[in-house]
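The values are calculated or read from the model by the stated rules, or taken from the named source; none is laboratory data. In this text, all values refer to a predicted model and were calculated from it rather than measured experimentally. In this analysis, Cβ positions are derived from the backbone assuming ideal geometry, glycine residues included, and neighbour counts consider all displayed protein chains.
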């Protein structure tokens, strides 16, 4: 016989039970206050920003120490080092690749699914992210960057910052729109801390993670960015590149600006295509999945023998490159090697992003174009300025955030005329990528997986609003061998508009329109001859958009819902009017949330 003692269930005293009930009631009260007062959303945003700033600072410190120890460099800046031991240059990335392969193998054996990033979370899942999965992404990013793979850590920064925000928001059960805003706050704080640039972090969230700007989201996102930078400056010395520019650009200089926008867009497309080609080549090869990062690490190591600038994200290489006087040939070499190293790193299985790689490539392309322009037409502005324009336009091509990069240029240079030029180049770059390629790097990866996401705009509610949730289950069916007279007696004119018909095996056969069945002069003996929409059926997993498209294709105002196309068991019925009404209600709710009303 089972007893409390045998199950080892602790016996709680009345005081302990009352204490637990009090804790539950207090927690519910806290959740209620947070949901009812939007000021508390800003408080949560500040907490998220501080957490993001601390984590980014810690990740940067760990990555620097890994570079210092693994590559035995005097300082902590790998890509800008004048010399790196050749043996370490080759074998450290290989060791990192083997470690990445081992991590991937273990995760595959554990059955871990793909981790949702902030953009996908806000687009499809209402801001819900896995904190445990995000910690895994951070670990993989640290290994990839720390062992010299040509990837940045910005993706890891935003992943963990947004995941913490999502976990906090879900624990307090905030509304869907508020949870999406908090996820954007986590990303804003991470990017702001990484670049010591609050406006850049805020507009990164608006353009890429929240995919909209409103008065309701301004306060929490801005507070998160400022909080992240405040914490980061308290615990460490910020690393940011500041470039002075006090001049202005003439109208003739804007020809060069527009050219930079187009060239950076084309280079960005080449980088994104390169990653895809490398991934396809590895898939077609017989190399085991767990061994592919080691092959990629070997390629990066060999490229690093030519120049250490291709190693890691390239932070210090960008700082050095801004001040150095490179020849045109060396700039071409840097662009080719960094593009190849980044594509091979990500394509072979290392974890990271292309944000900082895009900044480095754009800056070097700008300096290269400046040399050519100077030789052909003469150059009225410093080559460094063209590099900043290229840096921003290239990052826009890859990320898809023109305002984000414009504010980065403003916070980097403090020059409004240069910021206007950067904005022009970034807009041209964005338009070119959209017209020629159609995707940013993030949305391109979604496209390869079969998703239709073009931004972080919330379309998850469309997928959540399924036929199974909208249909009526009290559907009446009749057998297909019913005679016309029997049908008329069971369904007199005016009783209903349509009747679902099934065959002798209870499989869907079609729909009979009652007014049509009561027409005079019909020669039909059974209702089989009056069936409509035999091939048009709804499935419970279809979303509201798919259902509306099927109603249009069938030219019907009501359709049957079946379990699947194999069994065709009728489980409900849905009208087009109800679908359109529910769709309109959800659109109106989304509009109100966007406006903050």
Index of the failed condition, residue 27 passing every other in (1) modelled with pLDDT of 60 or more; (2) farther than 30 Å from residue 95 by Cα; (3) surrounded by 11 or more Cβ atoms within 10 Å (Cβ to Cβ): (1)
Criterion violated by residue 420 - all others in (1) closer than 28 Å to residue 222 by Cβ; (2) crowded, with 19+ Cβ neighbours inside 10 Å; (3) at pLDDT 85 or above satisfied: (2)
Selection from region 488-511 of residues that are under 16 Å from residue 524 (Cβ atoms), touching a strand residue (DSSP E or B) at 6+ places or on another chain (Cβ under 8 Å) and not in a loop (DSSP other than H, G, I, E, B): 490, 499, 501, 509, 510, 511
Lone unmet requirement of (1) crowded, with 20+ Cβ neighbours inside 10 Å; (2) modelled with pLDDT under 90 for residue 383: (1)
Any hit, region 192-199, residues being surrounded by fewer than 21 Cβ atoms within 10 Å (Cβ to Cβ) and in the same structural domain as residue 124 (by TED's automatic domain parsing): yes
Close pairs from region 134-152: first assigned by TED's automatic domain parsing to the domain that holds residue 191, partner modelled with pLDDT of 95 or more and surrounded by fewer than 20 Cβ atoms within 10 Å (Cβ to Cβ), Cβ under 8 Å, at least 6 apart: 143/99; 147/95; 147/99
Condition met for residue 91 (within 11 Å of residue 148 (Cβ to Cβ) and more than 30 Å from the chain's Cα centre (by Cα)): yes
Helices (runs of 4 or more DSSP H) contained entirely in region 264-357, each with at least 3 residues that are modelled with pLDDT under 90 and more than 27 Å from the chain's Cα centre (by Cα): 315-323
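Here is a yes/no grid of residues against (1) within 26 Å of residue 411 (Cβ to Cβ); (2) touching a helix residue (DSSP H, G or I) at 6+ places or on another chain (Cβ under 9 Å); (3) modelled with pLDDT of 90 or more:
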position: 112; (1), (2), (3): no, yes, no
position: 120; (1), (2), (3): no, yes, no
position: 123; (1), (2), (3): no, yes, no
position: 137; (1), (2), (3): no, yes, yes
position: 157; (1), (2), (3): yes, yes, yes
position: 173; (1), (2), (3): no, yes, no
position: 182; (1), (2), (3): yes, yes, yes
position: 187; (1), (2), (3): yes, yes, yes
Matching option when the condition is in the same structural domain as residue 198 (by TED's automatic domain parsing), within 23 Å of residue 137 (Cβ to Cβ) and modelled with pLDDT of 65 or more, among 72, 46, 61: 61
Residue count, region 131-186 (criterion: over 20 Å from residue 213 (Cβ atoms) and under 18 Å from the mean Cα position of the chain (by Cα)): 23
Near pairs, Cβ below 9 angstrom, 6+ apart or cross-chain, from region 372-383 (free of Cβ contacts under 8 Å to residues at least 12 places away in the same chain and in the same structural domain as residue 328 (by TED's automatic domain parsing)) to any residue that is surrounded by fewer than 18 Cβ atoms within 10 Å (Cβ to Cβ) and not in a helix (DSSP H, G or I): 377/252
Residue pairs meeting the criteria (Cβ under 6 Å; at least 6 apart or on separate chains; first without any contact (Cβ under 8 Å) to a residue 60 or more places away in the chain, in region 532-546; second assigned to a loop (DSSP other than H, G, I, E, B)): 533/556
All positions within region 480-516 that are touching a residue at least 12 places away in the same chain (Cβ under 8 Å) and farther than 22 Å from residue 557 by Cα: 481, 482, 483, 484, 490, 503, 504, 506
Residue identified as modelled with pLDDT under 85, at negative phi and surrounded by fewer than 23 Cβ atoms within 10 Å (Cβ to Cβ) among 440, 415: 415
Among (1) assigned to a helix (DSSP H, G or I); (2) modelled with pLDDT under 90; (3) within 23 Å of residue 352 (Cα to Cα) - the single one residue 434 does not satisfy: (3)
Scan of region 214-238 for residues that are closer than 16 Å to residue 39 by Cα and touching a helix residue (DSSP H, G or I) at 6+ places or on another chain (Cβ under 7 Å), ordered by number: 214, 217, 219, 220, 221, 222, 223, 224, 227
Residues satisfying the stated conditions in region 483-494, i.e. closer than 18 Å to residue 508 by Cα and either within 54 Å of the chain's Cα centre (by Cα) or surrounded by fewer than 17 Cβ atoms within 10 Å (Cβ to Cβ) (or both): 483
